[in-house]
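Inspection log for the structure reproduced underneath, given as structure tokens.
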Amino acid sequence: MRDRAVSNTDETKPVDGEYTIDDLASVSQVPSRTIRFYQSKGVLPKPIIRGRVAFYGKPHLERLELIASLQDRGLRIEAIRELVSRIDKGELDIGEWLGLEAQLQQPWANDQPCTVSEEELYELAGRRRAGLLNDLVRGKLVERRGNVFFVPSPALLSISARLEAAGIDIDDVVRAKTILEKYVGRAARDLTELVVSRAGGADVDHAKAVEELRPLAMEGVRVIFAQAMQAELRQLATSGRSAKVTRRRTKS
């Protein structure tokens with residue numbers, strides 16, 4: 001199949017609102033080779049063929065705009081294909097999905113990465129001692145980048161510094177962080193799978209549901225974890241093992 005006209009007959013001339021592939025590329029600012037790639041991946045509707053010429057219309061232009069928007073949101077071509085397939089089948093309203101997607105992208109914690117100077121890092125940590133910076137870098141709580149420091153989680157940095165001030169080594173803080181990431185991460189995956197498997201009700205406002213889920217899930221984790229820690233610490237006390245963590249008095 002050739003995309004360019006091969007004769008001057010009316011059959012091979014675009015009518016109002018139609019584009020050859022080169023015209024579509026010019027209007028959409030998407031290269032012809034990319035348009036062909038989208039067609040091969042099934043994310044762009046097939047053109048109308050008259051004679052030996054392919055013609056595109058407004059739906060193709062709108063689809064190219066949607067593809068660009070979805071790519072800007074980080075979706076891969078396979079995910080875009082699945083999404084537009086559901087749109088074409090009438091199974092998904094793009095406006096509703098974009099509202100849900102916006103909710104899914106909202107941060108669950110007011111804890112954004114930042115880049116700080118050495119002095120600002122000490123302020124975030126809330127304390128200053130010799131070797132603190134090296135310990136934080138070694139524990140991957142901060143990353144040295146030239147003359148500044150990248151902090152993936154200022155909140156975790158603050159918690160780590162406070163725990164160290166209470167007598168817990170940074171290395172042990174990092175081990176505790178790894179334990180929490182392992183099990184809380186698994187819980188988050190399992191809960192997400194549960195939500196996805198139960199989703200799909202036509203009368204459900206999924207964006208609103210996610211908005212309500214955020215604070216309730218955080219509160220649920222806090223309560224359940226607090227109950228579990230209370231039970232473990234009570235067991236520690238009643239078993240006599242608490243004597244092992246009691247600091248021995250040094251002789252004066």
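The values are calculated or read from the model by the stated rules, or taken from the named source; none is laboratory data. All figures in this text were calculated on a predicted structure; none of them were measured in a lab. We place every Cβ from the backbone using ideal geometry, glycine too, and count neighbours over all the protein chains shown.
Of the candidates Ala68, Ala54, the single residue that is assigned to a strand (DSSP E or B) and assigned by TED's automatic domain parsing to the domain that holds Thr20 is Ala54.
Contact map, region 210-238: first residue closer than 16 Å to Tyr183 by Cα, second residue modelled with pLDDT of 80 or more, Cβ cut-off under 8 Å, separation 6 or more or different chains; pairs are Val221/Val184; Val221/Ala187. Of everything in region 25-61 that is touching a helix residue (DSSP H, G or I) at 6+ places or on another chain (Cβ under 6 Å) and charged (D, E, K, R), the residue that is nearest to Ala79 (Cα to Cα) is Lys41. Looking only at region 139-167, residues that are free of Cβ contacts under 8 Å to residues at least 24 places away in the same chain and either surrounded by 14 or more Cβ atoms within 10 Å (Cβ to Cβ) or under 29 Å from the mean Cα position of the chain (by Cα) (or both) come to 6 in all. State yes or no: is Leu100 under 30 Å from Ile224 (Cα atoms), crowded, with 16+ Cβ neighbours inside 10 Å, at pLDDT below 85 and touching a helix residue (DSSP H, G or I) at 6+ places or on another chain (Cβ under 8 Å)? So Leu100 fits the description; yes.
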